Amino acid sequence: MALEARIPRAFPNVKFLSYHSKKRILVTGGAGFVGSHLVDRLMLQGHEVIVVDNFFTGRKRNVEHWSGHENFELIHQDIVNPLFIEVDEIYHLASPASPPHYMYNPVKTIKTNTIGTINMLGLAKRVGARVLIASTSEVYGDPEVHPQPETYWGHVNPIGPRACYDEGKRVSETLSYAYAKHEKVSVRVARIFNTYGPRMHMDDGRVVSNFILQALRNETITVYGHGNQTRSFQYVSDLVDGLIALMACNYTQPINLGNPIEYSIEEFALIIRNLVGGKNSIKKTKAVEDDPQRRKPDISRAKLYLNWEPKVRFY
Ligand code: NAD
Ligand code: UDP
Ligand code: UDP
């Protein structure tokens, strides 16, 4: 089959960049939910894209439409092991992101976010690449400041069940600024808030996919705890816009990327049930340990430095 024919109709218009504007871009975790959407955008912009993934939660299917394209390469590798390639930019997204996934093997989650990040910073240092770290709103823990600005240092339980992820990402940020200061590596840090969209894993375990699946299957919708805890949900295309703008900008401090429209989880369950059109019951089950009670980004920095704000409404 001709290579062009393998690219779905959704992606017909790959740009052809000149030698000077075309970059070699590494996306770690590029076979995952967010990473694969980022890969689509970078490929369509005409860049050369190298995906490194160990397929823990990601799937080849998410990027297989680029397989065989001359600008695309997929490397099956664990980021905890050193990687020697030549690139201009690194989007470092490799890490499980859903609580059941990152709690599955907490030691591995910590290694991925510490040793894996050191390897990417070491690579960036050697080749002079700019690196963008996918951090998270979880660095704010169960926040005492609401909404959360980037200047808030957070409230994280260092030994709780979420700590492998929260503290892993906090160290990942610390490493980034240590390499920036000591080794002159050019770093960008995105603090990503809850994101949803196509290609979320059916068994992802996060609230959006759980509620939609439960509603579609006419099962009971499970709200963990009292349901008054809040989250703010952004659509994945908005996040991809923000990541690309952040990589390109001169601002080097962390930037929140999220949608500031906030819902309680109980309210969210009702919205999903109505959208799907089901008549499911909604049941409150046992609360999960250390569940952050409120989450809403202050996006003033993103507006100011990236001229970015979410465009896609939830419904
Ligand atoms: P995901 O689980 O769909 O994708 C993560 C990808 O990383 C997967 O393809 C997985 O196989 C890969 N991976 C995990 N460990 C690896 C390792 N050791 N070596 C190589 N590859 C590895 O998750 P996502 O939602 O796409 O999240 C992507 C990034 O964004 C993560 O760093 C996550 O922490 C961050 N983030 C996501 C959200 C969100 O709501 N989706 C929110 C905050 C932060
Ligand atoms: N590293 C890598 N690819 C490279 C360069 C470095 O994976 O192209 C890894 C290497 O495993 C090293 C880590 O990055 O352990 C940190 O590199 P750095 O140069 O900062 O430290 P050092 O090698 O001096 O310990
Ligand atoms: N949640 C829920 N039912 C589910 C999955 C999650 O009530 O089936 C709640 C969870 O307790 C949390 C919120 O929804 O308060 C968001 O959870 P998610 O795992 O999506 O993300 P995170 O806690 O990392 O923001």
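Across region 226-241, coupling constants 3J(HN,Hα) worked out from phi with the 6.51/-1.76/1.60 Karplus curve, θ = phi - 60°, read 6, x, 7, 4, 10, 9, 10, 10, 10, 7, 4, 5, 5, 4, 4, 4 Hz, and Gly and Pro carry x.
Applied to region 145-160, the Karplus parametrisation 6.51 cos²θ - 1.76 cosθ + 1.60 on θ = phi - 60° returns per-residue 3J(HN,Hα) values of 10, 9, x, 9, x, 5, 6, 6, 7, x, 9, 10, 7, x, 10, x Hz, with x for Gly and Pro.
To the nearest 20 Debye, how big is the dipole of region 197-315 about its Cα centre, given +1 on the beta carbon of each Lys and Arg and -1 on that of each Asp and Glu? It would help to have the intermediate numbers written out before the result.
Numbers: 16 positive and 13 negative charges, 54 e Å.
Result for region 197-315 is approximately 260 debye, rounded to the nearest 20.
Note down the net charge around Lys125, summing +1 for each Lys or Arg and -1 for each Asp or Glu among other residues with Cβ under 10 Å from its Cβ. Intermediate values should be presented prior to the final figure.
On the way: positive: Arg126, Lys184; negative: Glu183.
Cβ neighbours under 10 Å give a net charge of +1.
Converting phi to 3J(HN,Hα) with the Karplus coefficients 6.51, -1.76 and 1.60 and the offset θ = phi - 60°, region 293-299 yields 8, 9, 8, 7, x, 8, 9 Hz in sequence order, with x at every glycine or proline. Listing His37, His226 from fewest to most neighbouring C-beta atoms within 10 Å gives His226, His37. Taking a ≥ b ≥ c as the square roots of the eigenvalues of the Cα gyration tensor, region 83-187 is classed as oblate, since a/c reaches at least 1.5 and a/b does not exceed b/c.
Given just the C-alpha atoms of the chain, how large is their convex hull per residue in cubic angstrom? Walk me through the numbers before you get to the answer.
Values: hull volume 42.7 nm³, N = 315.
Dividing the Cα hull volume of the chain by its residues yields 135 Å³.
By the beta-carbon count within 10 Å of each Cβ, the least crowded to most crowded order of Phe56, Phe193, Phe16, fewest first, is Phe16, Phe56, Phe193. Under 5 Å from the amide H of Asn194 lie the amide H atoms of Ser232, each residue being 5 or more positions distant or on a separate chain, with H modelled from the backbone and absent for Pro and chain starts.
For the chain, a crude dipole built from +1 on the beta carbon of Lys and Arg and -1 on the beta carbon of Asp and Glu, taken about the Cα centre, is about 320 debye to the nearest 20.
Among Tyr177, Tyr19, Tyr102, a tally of other beta-carbon atoms within 10 Å of each Cβ gives an order, fewest to most, of Tyr19, Tyr177, Tyr102.
Since only Thr151, Asn113, Ile261 are under comparison, the one whose Cα sits farthest along the positive direction of the charge dipole of the chain, derived from C-beta charges on Lys, Arg, Asp and Glu, is Ile261. Taking amide hydrogens as placed 1.01 Å from N in the peptide plane, the amide H of Ser186 sits under 5 Å from those of Val131, each at least 5 positions away in sequence or on another chain. Between helix 265-276 and the chain there is an angle of about 80 degrees, using the helix long axis and the longest principal axis of the Cα atoms. Would you list which lysines come within 21 Å of Lys181, measuring only between C-alpha atoms, while excluding same-chain residues fewer than 8 positions from it? By straight Cα distance, Lys181 reaches Lys125, Lys169. Of the chymotrypsin sites (Phe, Trp or Tyr not before Pro) in region 240-312, the ones in a loop by DSSP (not H, G, I, E or B) with at most 16 other beta carbons within 10 Å are Tyr251. Sparsely packed loop sites in region 111-202 (the GluC sites (Glu not before Pro) outside DSSP H, G, I, E and B with at most 15 other Cβ atoms within 10 Å) comprise Glu144. Near Gly141, the amide H atoms lying under 5 Å from its own belong to His155; only residues 5 or more places off or on other chains count, and H is placed 1.01 Å from N.
Evaluated over region 190-315, the count of Lys pairs having alpha-carbon atoms less than 26 Å apart is 5 (only pairs 8 or more residues apart or interchain). DSSP beta bridges fully contained in the chain are about 10 percent antiparallel.
Only the coordinates and a few stated rules stand behind these numbers; no lab work does. On a predicted model such as this, the values are computed, not experimentally measured, just so you know. No Cβ is skipped: glycine too gets one built from the backbone with ideal geometry, and neighbour counts run over all protein chains shown.
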